[in-house]
Structure formats: structure tokens, C-alpha cells
Amino acid sequence: MNNIKVLAIETSCDETSAAVVQNGREVLSNIISTQIDLHEKYGGVVPEIASRMHVEKINLVIIEALEKANLSLDDIDVIGVTYGPGLVGALLVGVVAAKAIAFAKDKPLVPVHHIEGHIAANYIAHPTLKPPFVCLIVSGGHTHLVMVKDYTTYEIIGRTRDDAAGEAYDKVARAIGLSYPGGPKVDKLAKEGNKDAIKFPRAMLDEGYDFSFSGVKSAVLNYVNGCKMKGEVIDNEDVAAAFQSSVIDVLVTKTIRLAKEKNMSKIALAGGVAANTGLREAMTESCKKNNIQLYYPEVLLCTDNAAMIGCAAYYEYLQGTRAGMSLNAVPNLPLGKK
């Protein structure tokens with residue numbers, strides 16, 4: 001079949017998104033309805049609110065994606081949908097919508113792992129990129145070091161043992177008075193600070209490929225609370241810079257080490273924290289020193305979106321992956337099922 005068109009749906013957290021992707025890498029439309037303003041007042045995503053908003057937006061977003069691509073459901077060849085991991089209520093909205101369309105139009109239904117989608121965002125941004133390569137996935141819920149062996153085959157080499165990097169960013173942001181989402185705000189503030197002004201720990205820097213960010217998060221909270229108790233002025237810029245430096249040092253060091261150990265000449269970044277300018281700059285510099293090619297998506301494709309799900313669904317479809325009407329949301333779905 002030529003020009004396979006995938007209608008993809010993504011509702012794993014607080015973005016309601018639908019996209020039409022042709023042949024895996026050509027994005028015909030990518031519609032994203034975000035809920036950031038709603039959740040900002042609570043300091044984080046409220047699952048029940050997220051689910052209700054997905055219900056309100058899902059049909060409108062799908063219709064808009066089809067209209068922008070100038071297609072109807074009859075022109076679509078495959079329905080792809082995120083079925084995990086994520087918030088169970090949010091995931092269910094997307095899964096039910098995808099199943100309904102697949103059933104009504106008798107289209108193949110392809111389930112997609114959310115992290116697989118983040119990896120696939122790099123294929124859209126870089127049309128010549130092919131596996132194998134090392135991928136660092138960093139987001140609010142995940143920090144993984146993965147060997148991408150083929151388009152649908154992955155080996156997890158390292159993962160966080162506690163907080164994800166993005167989760168630590170949000171908690172530190174709250175501690176220094178920044179609103180949700182905290183990651184981009186910490187990144188911006190860090191540019192104005194001195195990363196050497198405060199010494200925060202770099203956990204597990206020389207121990208394997210797993211990560212731990214609860215220690216640096218706690219160190220920042222203890223520092224801030226200690227300053228408040230002593231009546232000392234807190235330089236938020238320095239706190240942000242020192243914290244970011246600690247996290248990025250660990251991420252970059254382990255990723256480069258893995259690439260060299262596996263004789264990989266390509267590294268890709270994926271996930272929301274892949275949009276962090278400090279991480280991009282540090283990884284770019286380190287890759288140049290080690291003669292490694294670095295890939296990362298544009299900022300829009302780093303955040304949750306359906307285009308990346310459509311890309312992943314295309315390659316899963318080619319591999320023969322299909323789901324029936326019994327497909328359910330799996331909030332703790334592990335990567336690397338093959």
C-alpha cells in the first residue's frame with residue numbers, strides 16, 4: 001500500500017491531540033489542545049480535570065486534524081492511539097475514541113507506547129535518521145536510556161530509580177516560587193545564575209546507567225528551607241543554575257558513556273525535557289568532543305503530541321502490530337515489549 005495515512009490520537013496526560021501522518025514522517029496535520037492554564041492554579045496536573053477536558057475536546061480535535069489534512073475518515077488507512085503509560089482516565093478517552101473510529105470505519109487499530117512516540121518524534125524532525133542509536137528520554141514522568149535497535153525494538157539500559165528529571169524540575173520550581181509548568185521556567189532562570197555558586201549532589205554519576213534525582217531535589221529543598229530559617233537571602237537564579245547543572249551533568253555523562261561503550265555514533269534526545277536549552281547545549285558540546293551526531297526534535301514535537309504517535313504507529317503497522325476492541329489503557333505500560 002502506498003502513502004499510508006495514519007490518524008493518530010494522544011491523550012496520555014493534559015494535551016488532547018490528533019494528527020494525520022503519511023508514511024511515518026510526513027505530518028499533514030498536528031492539532032494540540034493544551035490544558036496548562038487549567039492546571040496551573042493547582043501547581044500540577046489534576047487527573048480528573050484532565051480526563052473531563054479530554055472528553056470535551058477529543059472530537060473537535062480529531063475533526064480539526066482531518067480538516068487541516070483535507071481528508072475524511074474514509075481516506076485514513078490506520079488508526080493509531082497511545083494506550084500507555086499515562087493517566088488512566090486520560091488514556092481511556094483516547095483509546096475509546098480510537099476504537100470507535102476503527103470499529104465504525106473498519107480500519108486497523110494500532111496501539112502505541114507513549115515513550116515509543118517520543119523516540120519517533122526524531123524521525124519526523126530528521127528524515128534521514130535510522131536505527132540503531134542511543135536515545136535519552138527525559139520528561140515529567142520518565143527518564144530512560146534506551147538502545148533503539150530498530151524502529152519497533154528497544155532495550156532499556158538505564159532508568160530513574162525515583163523521581164524523573166522533569167518531576168524534579170517541577171518540585172524545585174515550586175520551592176523557589178515558580179508556577180507550573182516549572183521546567184521551562186527553571187531553564188530560563190538558570191541562564192541568569194552562577195551554576196558554581198552552590199554545590200548540589202550528582203547522584204550515581206559513576207554507577208551504571210540508572211538515574212536518581214530525589215537526592216538533588218531534596219538538597220535544593222533543604223538549602224532553600226535552611227536559608228529561610230536563617231533569614232538569609234535566596235538567590236533563585238543561582239539555585240536554578242546549580243540544580244540544572246547537577247541534573248544535566250548526570251544525564252550527559254551517562255548518555256555519552258553508553259554511546260561510546262556500544263560504539264554508537266548517533267544519540268537522540270526525546271521527551272519534554274529534551275526542549276531544555278541547557279541540556280541541548282551541554283549534549284551538543286559533549287557530542288562534538290566525542291565525534292557523535294546529536295539529534296533532537298523541534299520544541300513542539302518534544303511535548304506530548306499526536307504526530308509522534310502517528311509516526312510510531314506507522315512503523316508498528318508495518319511490523320504487523322494490531323489491536324482488537326478489547327484494547328484497554330495501561331497506565332504503567334513498560335517499554336521494550338519485544
In deg cm²/dmol, rounded to the nearest 500, the helical mean residue ellipticity at 222 nm of the chain, built from -39500 (n - 2.57) for every DSSP H run of length 4 or more, is -14000 deg cm²/dmol
Quick check on region 226-316: take the gyration tensor over C-alpha atoms, sort the square-rooted eigenvalues as a ≥ b ≥ c, and tell me if it's rounded (a/c under 1.5), prolate or oblate.
oblate
Which whole-angstrom value gives the distance between the alpha carbon centres of region 47-85 and region 92-152?
15
DSSP-defined beta bridges in region 132-297 - what % are antiparallel, rounded to 5
60
What does the extension gain come out to for SER214 and THR153, with contour length at 0.36 nm per residue minus their alpha carbon separation?
19.0 nm
Once you have the Cα-Cα distance between ASN225 and GLU192, take 0.36 nm times their residue separation minus that, and quote the gain in nm to one decimal.
9.7 nm
Please return the longest stretch of the chain lacking exposed loop sites, where GluC sites (Glu not before Pro) count only if DSSP places them in a loop and at most 15 other Cβ atoms lie within 10 Å.
1-191
Loop only by DSSP, 16 or fewer other Cβ within 10 Å of the Cβ. Give me the trypsin sites (Lys or Arg not before Pro) in region 1-98 that pass, ordered by residue number.
LYS41
Cleavage-rule hits (trypsin sites (Lys or Arg not before Pro)) in region 105-191: DSSP loop, at most 16 neighbouring Cβ within 10 angstrom
ARG161, LYS191
Total charge dipole magnitude, the chain, about the Cα centre, Cβ charges on Lys, Arg, Asp, Glu only, Debye to nearest 20
680
To test your reading of the geometry: what angle, between 0 and 90 degrees and rounded to tens, separates the Cα axis of helix 306-318 from the longest principal axis of the chain?
60
Quick one: helix 165-175 against the long Cα principal axis of the chain, what's the angle to the nearest 10°, folded into 0 to 90?
50
Just how large is the dipole of region 132-297 about the Cα centre, in debye to the nearest 20, putting +1 at every Lys and Arg Cβ and -1 at every Asp and Glu Cβ?
180
Hey, what angle do you get for helix 277-289 against the long axis of the chain, alpha-carbon based, 0 to 90 degrees rounded to 10?
90
Between MET229, MET147, MET204, find the one with the highest GNM mean-square fluctuation for the chain; connect C-alpha pairs within less than 10 Å.
MET229
Starting from 0.36 nm per residue, how many nanometres of slack lie between GLU64 and ASP77 once their C-alpha separation is accounted for?
2.9 nm
If I take every Cα pair under 8 Å that is 6 or more residues apart in the chain, average their sequence separation and divide by the length, what percent do I get for the relative contact order?
25
Contact order normalised by length for region 1-137, with contacts defined as Cα pairs under 8 Å and 6 or more residues apart; what percent is it?
27
Just name one of THR277, VAL247, PHE200: the one whose Cα is farthest towards the positive end of the charge dipole of region 132-297 (beta-carbon charges, Lys/Arg +1, Asp/Glu -1).
THR277
Dividing the alpha-carbon Rg of the chain by 2.2 N^0.38 Å yields what?
1.00
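Since every read-out is calculated from the coordinates, none of them should be taken as a lab result. Please read all numbers here as calculations on a predicted model, not as lab measurements. So basically every Cβ, Gly included, is an ideal-geometry build from the backbone, and we count neighbours across all protein chains shown.
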